[in-house]
Amino acid sequence: MMREPCLGLRIATLALAGVAAWLTVLSPGIAAPAATPSPAQREAAPAAEAGAHVYASQCGACHTAYPPELLPARSWRAIIGNLTRHFGEDAGLSPGDSASVLHYTVAHAADSSFGSPQILAGLAPNATPLRITDMPVWRTIHQQVIASGQISLGTGANAAANCGRCHVAARTGESGAGETGKSPR
Amino acid sequence: MRRGALPSLAVAAVLGLLPAAVAASVAQYAAARQAILSHYAAEARREDPNFKGFSASAGQAFFLAHPAAARPATPSCSTCHTTNPRNWGMTRAGKRIAPVAVSVTPSRFTDLHKVELWFRRNCNSVYGRPCTAIEKGDYITFMASQ
């Protein structure tokens, strides 16, 4: 147990570095419809770039555009393959957008060249978590804030799904929202 | 004196033009929204030959309803958008949603592709089925009045 904090810190540093690098592609989100390209513009863009944009604008409209590096490719296939029943809601995309989001997330998954083995630590090879909060590494890093009730594994403002509540850099599309949050670790 | 005058003039010019630019974009949004309403009106006439026009009060009732077929996570439009469309809403994952009321978010309902995408998703989630053109037009008419 004594080496836990050290390992946790290393993992957190790696994860945050990944998040920071990744956040540069985030769009302002739902409040900026003008940034959404037309279907024709989307087709003209290279597949990977289009996937990143669709991911940030479409997925990021409802929740943090989670870094794809935080789940293995098999998880992204399971999630994107069932978007019309997405955690209780219909989040369906057009077939084209769905394909480009799948392409982008799988290409950047934890087990891709963009990922790192540390993110997959403790995850059974046959496990397919559908939530980042079900990743053992995420649980280890966040065990204190879960135990203290600072974040909840349910829904709402203090939902763990709302990364930006504590991680300032993960905030998007929240003009005028308070910027008092701390960046943990 | 002279060195400071030019930047001040530039600032004044920009400030003077701002309200005009905002008014122009609001007018463009209104025209785009009207085109979408016309699109749904044409569809509504095919759904119901006696269709007379959209109703803001029907749109309000549709917005506030708790349909029996709703998925448990989304019992009503107002679950995420709150019962006052001028308020900011919140998704279940904690992300803020810009007000649906056009008076607060003038760019609402100005992109048919986006409008159709969200009606398809949210009608399935809240009503357990696709919405009719009449329902969509009523909803937009209500939001445009808010």
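The values are calculated or read from the model by the stated rules, or taken from the named source; none is laboratory data. All values derive from a computational prediction rather than experimental measurement. In this analysis, Cβ positions are derived from the backbone assuming ideal geometry, glycine residues included, and neighbour counts consider all displayed protein chains.
Per-residue answers, yes or no, for (1) β-branched (V, I, T); (2) touching a Leu at 6+ places or on another chain (Cβ under 6 Å); (3) modelled with pLDDT under 80:
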site	(1), (2), (3)
A:S113	no, no, no
A:L130	no, no, no
A:D134	no, no, no
A:W138	no, no, no
A:Q143	no, no, no
A:G149	no, no, no
A:G154	no, no, no
A:A169	no, yes, yes
A:G178	no, no, yes
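The residues listed here are B:P99, B:P85; of these, the one that is within 13 Å of another protein chain (Cβ to nearest Cβ) and at pLDDT 95 or above is B:P99. Here A:I30 fulfils each of the conditions (1) surrounded by fewer than 20 Cβ atoms within 10 Å (Cβ to Cβ); (2) within 14 Å of chain B (Cβ to nearest Cβ); (3) at pLDDT below 95 apart from (1).
For B:H113, state whether it is without any contact (Cβ under 8 Å) to a residue 60 or more places away in the chain, in a helix (DSSP H, G or I), exposed (fewer than 14 other Cβ atoms within 10 Å of the Cβ) and out of contact with any His (no Cβ under 6 Å at 6 or more places or on another chain). Against the criterion (without any contact (Cβ under 8 Å) to a residue 60 or more places away in the chain, in a helix (DSSP H, G or I), exposed (fewer than 14 other Cβ atoms within 10 Å of the Cβ) and out of contact with any His (no Cβ under 6 Å at 6 or more places or on another chain)), B:H113 qualifies. Checking each residue in the range A:65-117 for being more than 23 Å from B:N122 (Cβ to Cβ) and part of a loop (DSSP other than H, G, I, E, B) picks out A:P67, A:L71, A:P72, A:H108, A:A109, A:A110, A:D111, A:S112, A:S113, A:F114, A:G115, A:S116. Answer with yes or no whether A:T105 is under 30 Å from B:R129 (Cβ atoms) and polar (S, T, N, Q). Judged against the criteria, A:T105 is a match.
Within the span defined as the range A:119-130, one or more residues are surrounded by fewer than 19 Cβ atoms within 10 Å (Cβ to Cβ), under 30 Å from B:A70 (Cβ atoms) and in contact (Cβ under 8 Å) with a residue 24 or more places away in the chain.
The set of residues from the range B:90-110 being of a type outside the set (A, V, I, L, M, F, W, C), surrounded by 19 or more Cβ atoms within 10 Å (Cβ to Cβ) and under 13 Å from the mean Cα position of the chain (by Cα) comprises B:P99, B:T105, B:S107, B:R108, B:T110.
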